[in-house]
Amino acid sequence: MEQERGLVFNLDTGELCLQSAQCKSHCCHRESGLSLARCAPKAAEMQDCSRKSLYGVYYKCPCESGLSCNADRSIVGTITNTDFGVCEDPAETKASR
Amino acid sequence: SEVCYDRLGCFSDSVPWSGTVERPIQRLPWSPDKIDTRFLLFTRENPDSYQRISADSSIGFSNFKTSRLTRFIVHGFIDKGEENWLLDMCKRLLTVEDVNCISVDWKKGSRCMYTQASNNVRVVGAEIAYFVNTLKDTYGYSPANVHIIGHSLGAHVAGEAGKRRPGIGRITGLDPAQPYFQGTPIEVRLDKTDAEFVDVIHTDTAPTVPYLGFGMSPAIGHLDFYPNGGVEMPGCEKNAVSQIVDLDGIWEGTRDFMACNHLRSYKYYSDSIIYPDGFLGYSCDSYNAFQTGSCFPCPAEGCPNMGHYADRFKGKINRDTVKLYLNTAEAKDFPLWRYKVTVTLSGNSHVTGYVNIALYGSNGNTRQHQIVKGTLKPDNTYTGYIDAEVKLGTVTKVKFLWNNNVINPSLPKLGAATVVVQSGEDRREYRFCGYETVREDVLLTLTAC
């Protein structure tokens, strides 16, 4: 590993995390409010996603680069980070609209 | 010296069983009563709770049917027959086929000093041979219908049973134990003469001293699979806390903490049951050669599947030992499907950075996989290999993205004129063409030329 592997940073997929900044994949993900959060890969096209947020932990990972999450914003959702959508390719959505 | 038991015969501790470089300490196996080998039968009639049977009339009163195959599953050192992975494996088998699934429990002989357990293996193997003999003599059941799946020391239990009861149809060795077996003659360990078809999955082949590898490295069967190279399994390098606090609970996490690589062998086999077209093994001289792209795609007669369906390849074996390589995912579900991707860049600016490709097919699409990193020159061609987490079926389009993590005010553009994707399994090639160039972090779609 080029960067030094620590318990706190540069975490691999599957390692326990508290904050997305710790993960190589930049997504610290947990299934439910009660479960422990682990680093997970970003969402691919057509997969569920949540918008990038300042929060450390996501119920659904944000999209891979080049894709955008079509989750519509809601006040509650923004607070609880539960605005979910599906990853889309902006080039295709522009063309189809 | 020697010890004899009425049903199972005599066991000596002279060479090669002891007194050799590989087996320095002399130990005689314990008695069958002390080891108390138990046969726990699962069938479609009783998939969730086992029937305890033994090599006598109890077989006739159980759900055992002579009209179906029988698969024994044998655990290894420190383990037990009621451990989840054996019960889950039987359950999974029963979802795809109607068989007699028998978990062999010998925990009383496996939870002791390793040098003792590695000799108790011989009595447990003799018990299975005796059981199969009873099936043959009392119920006319042919040994060719028997398949023994053994993990770690359990693989050598299977070898012993196969040696004593010739004609057993198949033996699968899941990371056969290395200490006290690697380097020993074939009468001591599992080898290809122990059954008509012997397939082996190697997942922990580092030397026991000093790297604590528990599995054998040499190829000993008809087909020997070395997933991820057979030394370090993906997902096993997690830090201690993350390893122990496992999704399946602390107990499974502790087992993984102790022997993650070694236990992956049965996890891969268990997944192979529900993925009949997964885990394709590529015959190659070494894992490095495989990783750098030689031995791709599969030859005309195809590649064998590691795990449950490896016996489909039984008739096509020509050479003595066949070493097969493949990559797996880091967590379940483990199978991956390998594709070769060749990208010819377009545009007029020369940049450094990386190129990602995502594959789209009739069965879904993959995430972005990095093909090349470094200098990116238009009109040059770059080749990379993707182990996709999705079996795509026919590849319908690809998406290209590049980035170099450096803010360049000149906003350079780069594109892909052609992308050629070759599927490893069926050797089929797909050509895609692109006509634009894009800035960093913008997806460019390429469709069939």
Check your understanding: Can you give the Rg to Rh ratio for the stretch B:138-191, taking only C-alpha atoms and Rh from Kirkwood?
Key -> 1.02
Study note, to complete from the structure: Most packed first (mean Cβ within 10 Å per residue), the peptides B:223-230, B:282-289, B:40-47, B:148-155 order as B:148-155, B:223-230, B:40-47, B:282-289
Point to revise | Stokes-Einstein D for the stretch B:66-124, Kirkwood Rh over Cα pairs, 20 °C, 1.002 mPa s (µm²/s) | key: 174 µm²/s
Study note, to complete from the structure: Computed over all unlike Cα pairs, the Kirkwood hydrodynamic radius of the stretch B:164-249 in Å stands at 14.3 Å
Exercise for review: Note the full-extension length gain between B:Asp320 and B:His350 as 0.36 nm times their separation in residues minus their Cα-Cα distance, in nm to one decimal.
Suggested key: 5.8 nm
Check your understanding: Among B:Thr184, B:Thr292, B:Thr328, whose mean-square fluctuation peaks in a Gaussian network model of chain B (Cα, cutoff 10 Å)?
Key -> B:Thr292
Study note, to complete from the structure: Per 5 angstrom bin, beginning at 0 and ending with the bin that holds the maximum distance, the Cα pairs of the stretch A:32-97 fall in percents of 4, 19, 26, 25, 15, 8, 2, 1, 0
Exercise for review: Could you tell me the convex hull volume per residue, in Å³, taken over the Cα atoms of chain B?
Suggested key: 154 Å³
Practice item. Identify unpaired cysteines across the protein assembly as shown, taking unpaired to mean no other cysteine Cβ lies under 4.7 Å from the residue's Cβ. Key: B:Cys112
Revision key, fill the gap. Debye calc, one equal point scatterer per Cα of the protein assembly as shown, no solvent, log10 I(q)/I(0) at q = 0.09, 0.10, 0.11, 0.12 1/Å comes to -0.75, -0.88, -1.02, -1.15
Review point. Within 10 Å of each Cβ of A:60-67, how many other protein chain Cβ atoms are there on average?
Key: 5
Exercise for review: Compute the projected area of the convex hull of the Cα atoms of the stretch B:315-449, averaged over all viewing directions, and report it in nm² to one decimal place.
Suggested key: 10.3 nm²
Exercise for review: Note down, for the stretch B:163-211, the three equivalent ellipsoid semi-axes (square root of 5 times each alpha carbon gyration tensor eigenvalue), biggest first, whole angstrom.
Suggested key: 23, 13, 6
**Study point:** Cα-based equivalent ellipsoid, the stretch B:10-150: semi-axes from gyration tensor eigenvalues, Å
**Key:** 29, 17, 12
Revision key, fill the gap. Taking Cα atoms only, Rg over Rh for the stretch B:370-425 with Rh from the Kirkwood formula is 1.00
Study note, to complete from the structure: Taking 0.36 nm per residue of separation between B:Ala300 and B:Arg439 and subtracting their Cα-Cα distance, the length gained on full extension comes to 45.9 nm
**Study point:** 3J(HN,Hα) from dihedral phi, the stretch A:74-88, Karplus parametrisation 6.51/-1.76/1.60, rounded to Hz, x for glycine, proline
**Key:** 9, 4, 4, x, 5, 6, 8, 6, 10, 8, 10, x, 10, 6, 10
Practice item. Calculate the mean, over all residues of peptide B:361-369, of how many other protein chain Cβ atoms lie within 10 angstrom of the residue's Cβ. Key: 3
Exercise for review: Would you mind checking the pairs A:Lys24/B:Lys340; B:Lys340/B:Lys397; A:Lys60/B:Lys413; B:Lys80/B:Lys267; B:Lys373/B:Lys399; B:Lys238/B:Lys332 and listing those with alpha carbons more than 20 angstrom apart?
Suggested key: A:Lys24/B:Lys340; A:Lys60/B:Lys413
**Study point:** Axial C-alpha extent at least 27 Å, average Kyte-Doolittle at least 1.6 - helices from chain B (DSSP)
**Key:** none
Point to revise | Rounded FRET efficiency, nearest 0.05, which uses the C-beta distance separating B:Thr447 from A:Val8 and R0 of 45 Å | key: 0.50
Study note, to complete from the structure: Answer in debye to the nearest 20: the dipole magnitude of the protein assembly as shown about its Cα centre, from +1 Lys/Arg and -1 Asp/Glu charges placed on Cβ, is 480 debye
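The numbers here are math on the coordinates, done by the rules we state, and not lab data. The structure presented is a predicted model; accordingly, all values stated were derived computationally and were not measured. FYI the Cβ positions are ideal-geometry reconstructions off the backbone, even for glycines, and counts take in every protein chain you see.
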